[in-house]
Every structure is written in C-alpha cells, then in structure tokens.
Amino acid sequence: MKSVRTTVVVAVLVTLASTLPASASIPAWRAARVATLPSGAQGIPDGFLPTLSCVSAGNCEAGGAYTNAHGDVEGLLLNETAGTWTAPQTLTAPADAAANPGVTIYDLSCGALGNCAAVGSYESHAGTTEAFVANEVGGHWGVARPVSLPTNALVKGQSALVRSVDCPAAGTCSAVGTYSDNDPVASRNEGFFLSETHNVWGRAREITFTTPTNFNPFVTVSQIACVASAECTAVGSFIDADDVTEGLLLSEVHGAWTKARTLELPANASAFAGASLSEVACVRGSSCAALGTFNSTTGAIEAMVATNHSGTWLRARELTMPTGAAANPHVFLYGFTGVACASALECAVGGQYRDSAGDYQGFLADETHGVWGDATELALPSGAREAGKNGGVVAVACPSAGSCRASGAYIDASGNYQAVVVNQEDGLWQRGAKVILPAGATTVGVDGGIYSLLCASASSCLGTGSYLKGAGIYEGFTLSG
C-alpha cells in the first residue's frame, strides 16, 4: 500500500455501518476539509502521504511529496490551524539538491504548535541519495539541511535517509535512519541515530550492537517513539553473525543511546526466524508496544507483539491470527501507524494476513491489562470481496482503552480498492465503513488509502491519505470525525 498529485479539494463522506449501537461514542465522520497542493502540482507520486502529527484537536500537520508542474518531486507540507487547513507549503530542498530534488518527507513530528521537525531523503547534485532534517520554528519552516552522517559514511554513492522522528517538546527531537558506510572491502548498510536539542541537530552516530553482526548487517530502522525528551525507543531489524535476521531494539535513556540488542522471539520461532519489527508506540511511564513478524518452525510468517514495561522488554509472543487463517498466514505489516496505545499495557495493532481460501484479509488485536488477545478479522463493508494484496489494516488510533479506531483498504465487488474506517466500542471491533470518495472517483488505487489516523478523543479523529483520480494520478484527502 499506500500514496497523491495536483490541486486537491476533497470531500469525503463516510457511510457508517448500521451494526453500530446508537449509543456508541463514535466519530461522526464528516466531509473532509480542503487539502490543497501547491499551485501547478501534478499530484502525489505513488499516492505517498505517509505522516500526520497533531498537538491538539484541529492543530495538525501532514507531510509527504508531490510532483510539481515540471515533473520534479518536492517535499509537501500541509497545515491545519484551529480546524482550518491553510495554504500548502513546499519544503525548500537543501542547497546541494539536484534540479529534480526528489524530496520525500517520510515522517513529521510536532513538539508544540508551530514547532515541528520533518525528515526524509533527497537527491543531490552528485547523484547520491542523502538524508535531511528540517525544522519549523514559530510557524515558519526553514530550509531542509543534510544530515551530518557518521564519520565512516560513504562519500561517493551514498544512499541515506531519515526514516522516523519523534519530538516530545518544541525543538527537542530524536530520529533514526540508515546510510552506507565506507568499508574498504564493500560498503555496508548501517543504521544511525541523531538528536536535536534547542532546535540544533547533532551529528548522526552509527548504531552498534550488543551481539556480533554479519559483515553487512543490512540494518533497517523502522520507527522511533519517545515517552519524554531524550527517552526513546526505536525498532527495526539487522542480520547477525549467523546470517539470521533479528528484531532490533534501540533505546535512548536520559539522552544517552545504548547499543542495539535483539528481541527475544516467541518460543516457536525458527532458528532462521527472519524477524523484523515494523512499528512501535510508547506512552509515559516507559511502556511501549512493538509489532513485527517472524518465521515459525513450520516456515509460516507470523505476527508477533512485544511489550516494554518500566524499561524491560518482555519476550515477544506470537499473535494468533483469526479463525480460518491459512496454515501460513503470510502476515504483512505496512509500517506506518499500525500500533497505538491508550495507556500503559492497553494497546491495539493491525495488519494483513491470508485466510485458508488464499484471500487477503485485515486483522486487529488488542492488549488489555498487559495481556494480548487473539487477532480478529477486519469486518469489511457489505459487498466487499476481500481486503486484497494492497489492503488490510494500515493505521490504528486509541484515544481510550477499548475505544480505538482503525483504517485501511479493501477490494469491493467491482474489483476496486476502497478506503475503510472501523470503530471499536467497549472493546469490540465493529464492521468497517466505506469511505465515499470525491465526485467521480471510484477507487483509492493500489497505492492509496488512509496512511495515518489520530484521535484527540473518542469522537474527534483525523486521517490523511490518498485516492486514484485517474491514469496513475493520485490526489490526497483528509478525513475528519
């Protein structure tokens, strides 16, 4: 999944499922507010509008990329202030960017109103892919700046990006990403972390490990989440000295980054587990939940969840897929916002799996009082065929325990992908509701759907995503309720 292009004025209406009880405290999903791209824009490449951050209800920012009138890819910034979406902005590329800068914002986080950080990658004059950071201070975005990579970074042929950022306070952020090193034998794929204090970003530092790694560790850092300033957790994967892909856990404690370590896998994990952590969410009190996949002893690709409480990661447990799942459910996670926590040990996750008929379905699962229950199948709107290879659950938000929201995509009876939202009430997930797209649009396409979903309360939520306007052109939307 998931992706946008040209001026966007989107009206999105949601048909709420009739199965919801009348007394339920559910979002009254309304027509989406205007989300306009910069003048002359031709759309959003691959419908990629991946990130949303809100400091309060009606005060949010979103980011991604768009294609300008010349066909160049630029960084896209959308801003909502006091409930009104203002004029979109183009993130100014670093000074060494190529004529087509290829600026893509992968993540954005706001520590306070008008004080945010955006991260991602761009193309340089030298033809390399470089990582960048950009700051918004007092409501004004500055020029994006290249990340000062670790001292062992490759100079020619670099391929770097900042994948994720979290800002617990204004001007105070932590971020993670990947880069290529300059080893004389062969360049290796390494991970890095970097921190911002008082709006000043320090130099990135290489992620090191508590256990030996493969010559090329092929580090992937998926997400970072912070419970307070300089108190963060990042997750991902790497290859160890035995050529096994392991789940990666990295911590920042009181501003000091520890060595990365491996996650203890479920008891039924294969010796060659192919483990990876895709998403993490944390709440104050050092409680986190991480979602990932691993290979079992039978060769099945299964979901796993792990909980960190009071600074200690417990052994991951397999997340049992819904009744009717295939022996090998081929669990897939999108890596956006598929895990959310309402409070310590009260979380929800979502993703995709295959059932015994070979169809793709979405799943949802909950942690209640620290205990993870089995996954349930995403109940699709009437007439749906299946979730589809590019469908399932992509985003989850939990404004309170037992009252979460989720979104994603599915295939309708005509074979088109549609966006879906689903509400949880009193701990029970309801049937999904189809998102009605703007006039004339019949599908979100294989790259569209709702990427991000945030809720200020059980009845006040905001989502961002994209739909297919036609002929490979994606437009973006915001969905509010």
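The values are calculated or read from the model by the stated rules, or taken from the named source; none is laboratory data. Computed from a predicted structure; not experimentally measured. FYI the Cβ positions are ideal-geometry reconstructions off the backbone, even for glycines, and counts take in every protein chain you see.
Taken together, the residues in segment 429-453 that are within 30 Å of Glu367 (Cα to Cα) and either out of contact with any Phe, Trp or Tyr (no Cβ under 7 Å at 6 or more places or on another chain) or assigned to a strand (DSSP E or B) (or both) amount to 12.
If you filter segment 83-97 down to residues that are at pLDDT 95 or above and surrounded by fewer than 16 Cβ atoms within 10 Å (Cβ to Cβ), you find that the one that is nearest to Val155 (Cα to Cα) is Asp96.
Of the residues that sit in segment 235-258 and are in a loop (DSSP other than H, G, I, E, B) and on the phi < 0 side of the Ramachandran plot, which one is surrounded by the most Cβ atoms within 10 Å (Cβ to Cβ)? Can you show your working first?
Step one: of segment 235-258, the residues in a loop (DSSP other than H, G, I, E, B) are 241-244, 254-255, 258.
Those left that are additionally on the phi < 0 side of the Ramachandran plot: 241-242, 244, 258.
On the way: Ala241: 12, Asp242: 12, Val244: 17, Thr258: 13.
Only one residue tops the list, namely Val244.
Considered as a group, the residues in segment 454-472 that are assigned to a strand (DSSP E or B) and of a type in the set (A, V, I, L, M) include one that is modelled with the highest pLDDT, and that residue is Leu454.
Taking the stated definitions as given, is Ile224 in contact with a Phe, Trp or Tyr (Cβ under 6 Å, 6 or more places away or on another chain), in a strand (DSSP E or B) and surrounded by 18 or more Cβ atoms within 10 Å (Cβ to Cβ)? Taking the combined requirement at face value, the residue does not satisfy it.
Considering only segment 275-295, state which residues are more than 14 Å from Gln223 (Cβ to Cβ) and either crowded, with 18+ Cβ neighbours inside 10 Å or among the charged types (D, E, K, R) (or both). Working first, answer last.
Initially, segment 275-295 is screened for residues more than 14 Å from Gln223 (Cβ to Cβ), giving 275, 283-287, 293-295.
Answer for segment 275-295, where residues must be more than 14 Å from Gln223 (Cβ to Cβ) and either crowded, with 18+ Cβ neighbours inside 10 Å or among the charged types (D, E, K, R) (or both): Ala275, Val283, Arg284, Ser286, Ser287, Thr293, Phe294, Asn295.
When the residues of segment 37-82 are filtered to those that are β-branched (Val, Ile, Thr) and touching a Lys or Arg at 6+ places or on another chain (Cβ under 6 Å), which remaining residue is modelled with the highest pLDDT?
Going through segment 37-82, the residues β-branched (Val, Ile, Thr) turn out to be 44, 51, 55, 67, 73, 81.
Next, only the ones that are touching a Lys or Arg at 6+ places or on another chain (Cβ under 6 Å) stay: 44, 67.
Values: Ile44: 94, Thr67: 97.
Restricting to residues being β-branched (Val, Ile, Thr) and touching a Lys or Arg at 6+ places or on another chain (Cβ under 6 Å), the top hit is Thr67.
When you check Ile411 against the structure, is it within 22 Å of Trp85 (Cα to Cα), of a type in the set (Val, Ile, Thr) and modelled with pLDDT of 90 or more, yes or no?
Details: within 22 Å of Trp85 (Cα to Cα): no; of a type in the set (Val, Ile, Thr): yes; modelled with pLDDT of 90 or more: yes.
Against the criterion (within 22 Å of Trp85 (Cα to Cα), of a type in the set (Val, Ile, Thr) and modelled with pLDDT of 90 or more), Ile411 does not qualify.
Out of Arg261, Arg315, which single residue is surrounded by fewer than 18 Cβ atoms within 10 Å (Cβ to Cβ) and part of a strand (DSSP E or B)? Full working, then the answer.
Working: Arg315 fails: part of a strand (DSSP E or B).
It is Arg261.
Just checking, how many residues over segment 380-403 are part of a loop (DSSP other than H, G, I, E, B) and aliphatic (A, V, I, L, M)? Outline the logic, then answer.
Of all residues in segment 380-403, those part of a loop (DSSP other than H, G, I, E, B) come to 380-385, 387-391, 401-402.
Remaining after also requiring aliphatic (A, V, I, L, M): 380, 384, 387, 401.
Qualifying residue count, segment 380-403: 4.
Cβ-Cβ distances below 8 Å connect no pair with a first residue in segment 209-234 that is among the acidic types (Asp, Glu), a second residue that is buried (at least 23 other Cβ atoms within 10 Å of the Cβ), and a separation of six or more residues or different chains.
For segment 70-90, how many residues are assigned to a loop (DSSP other than H, G, I, E, B) and out of contact with any Ser or Thr (no Cβ under 8 Å at 6 or more places or on another chain)? Spell out the reasoning first.
We begin by selecting, within segment 70-90, every residue assigned to a loop (DSSP other than H, G, I, E, B); these are 70-72, 82-83, 86-88.
Right, trim to out of contact with any Ser or Thr (no Cβ under 8 Å at 6 or more places or on another chain) and you get 70-72, 82-83, 86.
Residues meeting the conditions: 6.
Each residue in segment 100-120 was checked for being out of contact with any Asp or Glu (no Cβ under 7 Å at 6 or more places or on another chain), farther than 16 Å from Gly138 by Cα and in a loop (DSSP other than H, G, I, E, B), and 0 of them qualify.
Taken across segment 168-188, residues that are among the charged types (D, E, K, R) and either closer than 18 Å to Cys116 by Cα or modelled with pLDDT under 95 (or both) do not occur at all. Summed over segment 38-56, the residues that are assigned to a loop (DSSP other than H, G, I, E, B) and either among the aromatic types (Phe, Trp, Tyr) or over 18 Å from Ile450 (Cβ atoms) (or both) give a count of 5.
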